[in-house]
Amino acid sequence: MNCYLWELEALLEGLALKQVDEQEQLALFGFNLRYILNAKKPNLKKVFNKSKQEQRIKNAFKRTKANSKVPSSKVVDALNHFKNRK
């Protein structure tokens, strides 16, 4: 496979970030295991809340209309505020 230097650097950076993510997952697993082993009455929702995770994923991929327009009066007020600063 031939690639440019910047592509190789991007691949290496991606692999390094993947290792960091794997280490983070192992650390989380360790803390969850510690909680389960030491708790008198372990609660599964404290370790993994499936509904919360599903809702987070749905919100991330939710298609919404771009109605987040800022009223022009707020923009003008902000511009005037920063124009008058010295």
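Computed from the coordinates by the stated procedures, all read-outs in this text should not be read as laboratory data. It should be emphasised that the depicted structure is a prediction, and the values quoted were computed from it without experimental measurement. Cβ atoms come from the backbone with ideal geometry, glycine included; neighbour counts cover every protein chain shown.
Given the structure, is Lys62 among the basic types (Lys, Arg), without any contact (Cβ under 8 Å) to a residue 24 or more places away in the chain and not in a helix (DSSP H, G or I)? Step through it out loud before you land on a result.
Numbers: among the basic types (Lys, Arg): yes; without any contact (Cβ under 8 Å) to a residue 24 or more places away in the chain: yes; not in a helix (DSSP H, G or I): yes.
Answer is yes for this residue.
Pairing each residue of the range 31-53 that is in contact (Cβ under 8 Å) with a residue 12 or more places away in the chain with any residue that is assigned to a loop (DSSP other than H, G, I, E, B), provided the two are 6+ apart or on different chains, yields C-beta distances under 8 Å for Asn32/Phe48; Tyr35/Pro42.
Selection of the range 27-44 for residues being assigned to a helix (DSSP H, G or I) and exposed (fewer than 10 other Cβ atoms within 10 Å of the Cβ) yields Leu37, Asn38, Leu44.
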